[in-house]
Structures are given as structure tokens and as C-alpha cells.
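> Please read through the structure below; I'll follow up with questions.
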Amino acid sequence: QQQVKQSPQSLIVQKGGISIINCAYENTAFDYFPWYQQFPGKGPALLIAIRPDVSEKKEGRFTISFNKSAKQFSLHIMDSQPGDSATYFCAALPYQGGKLIFGQGTELSVKP
Amino acid sequence: GAGVSQSPSNKVTEKGKDVELRCDPISGHTALYWYRQSLGQGLEFLIYFQGNSAPDKSGLPSDRFSAERTGGSVSTLTIQRTQQEDSAVYLCASSVFSGQGTGELFFGEGSRLTVL
């Protein structure tokens with residue numbers, strides 16, 4: 001059974017702080033790990049993604065850290081802003097393609 | 001249109017009725033997905049279409065659920081004899097293709113289904 005486990009379920013961070021969301025996967029056949037951001041009433045949208053041949057990827061204030069041996073990856077949001085308040089989903093795609101498997105989601109609230 | 005379009009945006013139905021949800025993917029996208037999002041829950045995979053290949057139906061929760069994709073474009077998700085536990089937001093997504101190294105799905109805004 002392919003699964004992606006995400007934590008925490010919800011997160012409250014002060015403006016300017018660092019938000020950290022963690023994910024773990026069970027199947028080593030995954031080889032693409034995107035993060036999606038969803039605002040209320042909207043569909044999820046791709047935020048940032050990483051492949052397992054690198055340990056870190058940074059785009060602006062968003063960084064993915066990837067630990068292949070532990071089968072874990074995390075999203076770090078630096079200098080968190082109220083506009084970052086959204087639900088974040090990690091996901092994993094099997095190397096052979098097909099369906100994208102999502103984590104359970106993390107509802108982030110950044111307080112001003 | 002520029003994005004994935006879903007209709008209806010909201011649907012209220014009575015228990016036992018059938019419902020159809022429609023998805024218009026981005027033109028040229030060969031892969032199409034249906035996910036379900038229940039209140040406070042994650043994104044539950046339902047079904048995946050890729051080109052002319054047989055669809056991956058492994059996520060459909062029961063035989064009351066079915067989906068088709070006509071002409072490699074528009075898709076319809078049908079739920080027969082709806083139950084209250086079917087209440088959720090049904091999200092459709094499309095992508096250029098789902099091969100190795102890809103994974104960017106473009107989602108619609110979803111169809112919110114409420115079963116009374």
C-alpha cells in the first residue's frame with residue numbers, strides 16, 4: 001500500500017517565524033515529491049517540488065529538505081506571512097508515473 | 001479556457017439520487033484525475049485517465065462511483081444512489097502527461113456535493 005503521512009495536521013505560526021511541515025513515505029518506488037498549496041474555495045496549486053537525487057531545494061522563502069535514507073521530506077517556510085495561511089499537501093509520484101499520492105494536509109495559520 | 005473547469009460548483013441532492021459532475025481539462029492535457037476532499041481530510045484519489053490507456057480505478061470507493069472520459073477530453077464522474085457520506089468536494093485535475101519526473105497537476109476549483 002502506497003502511503004504518504006503528513007504532520008502536523010494544523011500549525012499556528014507568528015508572522016516572521018518559520019513554518020515546518022513534515023512528510024514520510026513508505027514506498028521506495030516514489031521519485032518525485034511535490035508540495036501543493038490550497039487556499040479556501042480553491043483547488044490545490046503546485047508550490048515547489050523535489051526529486052530524490054538532491055537533498056534540498058529552495059525557491060524564495062520555501063525550502064524542501066529531503067532525506068532519502070529516512071524516507072522523509074519537509075517543507076520549511078521562512079519569514080512566514082499571513083498570506084501564507086493555507087492548507088499544504090505533500091505528495092509523492094511513483095517512478096513509473098500514474099497517480100499522485102497526497103498526504104493528509106496541514107492547515108497553516110500565520111498570525112500577524 | 002485557461003484552466004480546469006468543473007461544474008456544477010455546488011450540488012445539493014437527496015439521499016438515493018444520482019449525480020453527475022463534469023470536468024473540462026486544460027486543452028492538450030492527456031492525463032486527468034479525480035480526487036475527493038472531505039471536510040478536514042486530505043485528497044483521496046478516485047480515478048486516473050491517461051491517454052487511451054485503461055483508467056486506474058483503484059481509488060473508487062464503491063461500485064456506485066464511475067467515471068468516463070470522452071474523446072480524451074471532458075470527463076464525467078457519476079455517483080449513483082448517493083449517500084450522506086458521499087458529501088465532499090470533488091476535485092478534478094489535469095496534467096500534460098504523467099511520466100517519470102512529472103507531477104504538476106492543475107486543479108479545478110471543485111464541485112461541492114452535499115447529500116441531504
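The values are calculated or read from the model by the stated rules, or taken from the named source; none is laboratory data. Predicted model only: the values in this text are computed from it and were never measured. Note that we place each Cβ from the backbone using ideal geometry, even for glycine, and neighbour counts take in every protein chain shown. When the accessible area is computed, the model is the full protein with side chains, heavy atoms only, and any ligands, DNA or RNA have been set aside. Shrake-Rupley method; radii C 1.70, N 1.55, O 1.52, S 1.80 Å.
> Could I get the Rg over Rh figure for the protein assembly as shown? Both from C-alpha atoms, Rh via Kirkwood, rounded to two places.
Taking Rg over the Kirkwood Rh, I get 0.97.
> Would you list, by chain and number, the aspartates and glutamates whose Cα falls below 13 Å from the Cα of A:LYS15, excluding same-chain residues fewer than 8 positions away?
List returned: A:ASP79, A:ASP84.
> Treat every Asp and Glu Cβ in chain A as -1 and every Lys and Arg Cβ as +1, leave all other atoms uncharged, and give the resulting dipole magnitude about the Cα centre to the nearest 20 debye. Can you show the working numbers first?
Details: 11 positive and 8 negative charges, 13 e Å.
Dipole magnitude for chain A comes out near 60 debye.
> How high is the FRET efficiency between B:GLU104 and B:GLN83 when r is their beta carbon distance and R₀ equals 25 Å, given to the nearest 0.05?
It comes to 0.15.
> A further question on this structure: What residue among A:ALA24, B:GLY110, B:VAL74 has its Cα farthest toward the positive end of the dipole of the protein assembly as shown, where the charges are +1 on Lys, Arg and -1 on Asp, Glu, each on the Cβ?
Most positive-ward Cα: A:ALA24.
> List the relative contact order of chain B as a percent without decimals, with contacts defined as Cα pairs under 8 Å and 6+ residues apart. Spell out each step's value before the answer.
Working: 275 pairs, mean separation 43.9, N = 116.
The normalised contact order for chain B reaches 38 percent.
> When the solvent-accessible surface of protein heavy atoms is calculated with a 1.4 angstrom probe, in what order do A:LEU47, B:LEU91 fall, highest first?
Values: A:LEU47 35, B:LEU91 0 Å².
Output order, biggest surface exposure first: A:LEU47, B:LEU91.
> Still on this structure, I have one more. Using a 7 Å offset from the Cα along the Cα-to-Cβ direction at both B:THR114 and A:LYS111, what is the distance between the two label points in nm, to one decimal?
With each label placed 7 Å out from Cα toward Cβ, I get 3.2 nm.
> By accessible area of protein heavy atoms, probe 1.4 Å, what ranking do A:THR28, B:THR114 get, highest first?
On the way: A:THR28 110, B:THR114 50 Å².
Sorted descending by solvent-accessible area, the residues read A:THR28, B:THR114.
> Would you mind pulling out the separation of the Cα centroids of the range B:8-39 and the range A:39-68, in Å?
Computed from Cα coordinates, the inter-centre distance equals 27 Å.
> Given +1 on the Cβ of Lys and Arg, -1 on the Cβ of Asp and Glu, and no further charges, what dipole in debye does the protein assembly as shown carry about its Cα centre, rounded to the nearest 20?
The calculated dipole for the protein assembly as shown is roughly 220 debye.
> Output the Cα-based Rg and Dmax of chain A in Å, rounding Rg to one decimal and Dmax to a whole number.
Cα radius of gyration and Dmax of chain A are 13.4, 43 Å respectively.
> Percent relative contact order of chain A, based on C-alpha pairs within less than 8 angstrom and at least six residues apart?
On the way: 286 pairs, mean separation 42.0, N = 112.
This gives 37 percent for chain A.
> In the structure displayed, which of A:LYS42/B:LYS11; A:LYS42/A:LYS68; A:LYS5/A:LYS71; A:LYS5/A:LYS99 lie more than 20 Å apart, Cα to Cα?
As for pairs spanning more than 20 Å Cα to Cα, those are A:LYS42/A:LYS68.
> Under a point-charge model restricted to the Cβ atoms of Lys and Arg (+1) and Asp and Glu (-1), what is the dipole moment magnitude of the range B:44-116 relative to its Cα centre, in debye to the nearest 20?
Computed about the Cα centre, the dipole is about 160 debye.
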